[in-house]
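To start, the structure under review is shown below, and the notes come after it.
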Amino acid sequence: MNVQNSDPCCASDFMPQDELRKVQLTRLQKIVRHAYDNVEFFRNRMNENGVKPEDIKTLEDIQKLPFSKKIDLRDTYPFGLCAVPMSEVVRLHASSGTTGKPIVVAYTQDDLDVWAEVMKRGLAGCGLTRNDIVQVAYGYGLFTGGLGAHCGCEALGATVVPASVGNTQRQVMLMRDFGVNGICCTPSYFLHLIEQAKLSGIDMRDLPIRVGVFGAEPWSQGMREQLEKGAGIEAFDIYGLSEIIGPGVAIECTEHEGMHIFEDHFYPEIIDPDTGKVLPDGEFGELVLTTLSKYAMPMIRYRTRDLTRIIAEPCKCGRTIRRIDRISARSDDMFIIRGVNVFPSQIESALLTVPGVSANYLIILTTENGMDNIELNVEISPEVFSDQVKVLEDLQRKIVKAVESVIGLRIRIKLVAPQTIARSEGKAKRVLDQRQK
Ligand code: DLL
């Protein structure tokens, strides 16, 4: 049975736009009132900006509200942004963060139901059904990836294999022995699974797996091709962040032309990251999200730091909810080398246009004679590695050229032996910053 047609919760994906806008406005007014009445931080910020919940009369009025940022979650650690008594909170998650304290997020049972609903709608849109067996290889625990995907699979009625991360050989064995059809994990971890399977004599293309739901980190079109070809699957991009709910804020459909954002629960805006000005649909900028139906920890105009654009044109799949483009980068991932702004994701997309190169790479930043320097370490396949020097030099030259054409800088490339760059089980570490601060 087709879940999209039979399930009323998936019908929200196809709601007429004017109806959707009405739902959004009602929910926005309610959540702004809830945040104002119950969270001192939001009340103070709104008072400082001279705006009250009753000033939200149209969706455009959202622009009167102040932004919130990650630092606000840090400053109010752990429960300062909670809008309900702890007796209503049934789950906590946390995002590790690279420095200092983690940020904590809380959910009521209704919030968890919304999360499971959006994940279910998303997985159904990837063509998964209750007849599928889905392995969840995102980390379970404080990270939202594992449990978020897990509850979505259960809501869909699929059979979940809660493998979590790690023990790669066992993951491959489970995939083979259980006849797994779908997998949820980071794209870099799936690449690792394909490699490990190959080392133990298993070709993933021979297994029943047909759908991969990959997210939690940026990944390029080149990476998609490697995953799809390497495992004989269809790969779907899924986006989300702990502060908003976890995975399931937006996800691709089978058209693969951007990710449908579950607008009835998360209200998107794109702003110019420097001025804070709201940009029209279609223009690239920073994604700002407002949770419309999350009550334990509502987020009002949360600046995600993720760079993308809204695609408002109707999708061929018939869903009326708008799309966001692939997350091209996080504004705080950017580094400046010799005066040029560079994003790791630009390097990945350039690198993977070169045939014979794997998506295992590491960008190393150092300081040489007081100047910032960049070196790209690229792992190559065993066949290429044993080739003549001339072949390797040729490959190196091609990479230099491909990267230069995208970032405008000639950078040093080092080809390294197979299996020498550390694999990650969760989000891949693409940049090693050894610069003297
Ligand atoms: O990574 C939630 C998640 C889990 C999403 C599993 C998808 C799948 P955080 O640890 O809070 O939550 O990290 C959120 O990861 O702001 C983006 O910068 C990045 N990110 C998440 N999904 C994508 C994606 C989870 N599909 C941060 N493409 C976000 C690019 C992504 N970046």
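Computed values, structure above
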| read-out | value |
| --- | --- |
| Phi-based couplings in Hz for segment 87-95 (Karplus 6.51, -1.76, 1.60; Gly and Pro marked x) | 5, 8, 7, 10, 8, 10, 10, 8, 10 |
| Quarter of the Cα convex hull surface for segment 28-69, i.e. its orientation-mean projected area (nm²) | 2.7 nm² |
| Residue with peak Gaussian network fluctuation, the chain [Cα springs, cutoff 10 Å], from ASP206, ASP274, ASP264 | ASP274 |
| Most fluctuating residue given options THR367, THR58, THR304, as computed from a GNM of the chain linking Cα atoms under 10 Å | THR367 |
| Sorted largest first, extent of segment 343-433 alpha carbons per principal axis (Å) | 37, 31, 24 |
| Under 5 Å, built H, 5+ apart or other chain: amide partners of VAL213 | ILE183, CYS184, CYS185, PHE236 |
| Around LEU73: net Lys/Arg minus Asp/Glu count, Cβ-Cβ under 11 Å | +1 |
| Extension gain from LYS277 to VAL23, taking 0.36 nm per residue of separation minus the Cα-Cα distance | 88.9 nm |
| Per-residue ³J(HN,Hα) for segment 26-35, Karplus 6.51 cos²θ - 1.76 cosθ + 1.60, θ = phi - 60°, Hz, x for Gly and Pro | 4, 5, 4, 4, 5, 6, 5, 4, 4, 5 |
| Pair SER424, LYS30: separation of 7 Å Cα→Cβ label points (nm) | 3.8 nm |
| Hits among lysines - C-alpha to C-alpha of LYS401 under 29 Å, sequence gap 8 or more where chains match | LYS229, LYS390, LYS414, LYS427, LYS429 |
| Percent antiparallel among DSSP beta bridges (both partners in the chain, rounded to 5) | 65 percent |
| Alpha carbon convex hull of segment 92-204, volume per residue in cubic angstrom | 105 Å³ |
| Equivalent ellipsoid dimensions for segment 153-260 as semi-axes, Å, which come from the Cα gyration tensor, largest first | 22, 16, 13 |
| Members of LYS57/LYS294; LYS398/LYS437; LYS22/LYS52; LYS120/LYS277; LYS30/LYS316 lying beyond 23 Å, as alpha-carbon distances in this model show | LYS398/LYS437; LYS120/LYS277; LYS30/LYS316 |
| Rel. contact order, % - alpha carbon contacts under 8 angstrom, at least six apart, segment 343-433 | 37 percent |
| MRE, 222 nm, helices only [DSSP H, n ≥ 4, -39500 (n - 2.57), over the chain, to nearest 500] | -9500 deg cm²/dmol |
| FRET E, pair GLU88, ASN341, Förster distance 51 Å, beta-carbon r, rounded to 0.05 | 0.70 |
| Net +/- balance of residues flanking ILE311 in space, Cβ distance below 10 Å, scoring K and R +1, D and E -1 | -1 |
| Length-normalised contact order for the chain - Cα pairs under 8 Å, 6+ apart - percent | 14 percent |
| J(HN,Hα) series, segment 205-222, from Karplus relation 6.51 cos²θ - 1.76 cosθ + 1.60, nearest Hz, glycine and proline x | 5, 8, 8, x, 4, 10, 10, x, 10, 10, x, 6, 8, x, 8, 9, 4, x |
| Normalised convex hull volume, the chain, alpha-carbon set, Å³ per residue | 148 Å³ |
| Highest-fluctuation residue, ARG330, ARG91, ARG121 considered, GNM on the chain with Cα pairs under 10 Å | ARG91 |
| Segment 27-41 versus segment 371-388: alpha-carbon centroid distance in Å | 53 Å |
| Charge sum, other residues only, whose C-beta stays under 13 Å from PHE385's C-beta, Lys/Arg counted +1 and Asp/Glu -1 | -2 |
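Read-outs: derived from the displayed coordinates by stated rules, not from any lab. Please read these numbers as outputs of a predicted model, since none were measured by experiment. Using ideal geometry, Cβ is built from the backbone for each residue, glycine included, and neighbour counts are taken over all protein chains shown.
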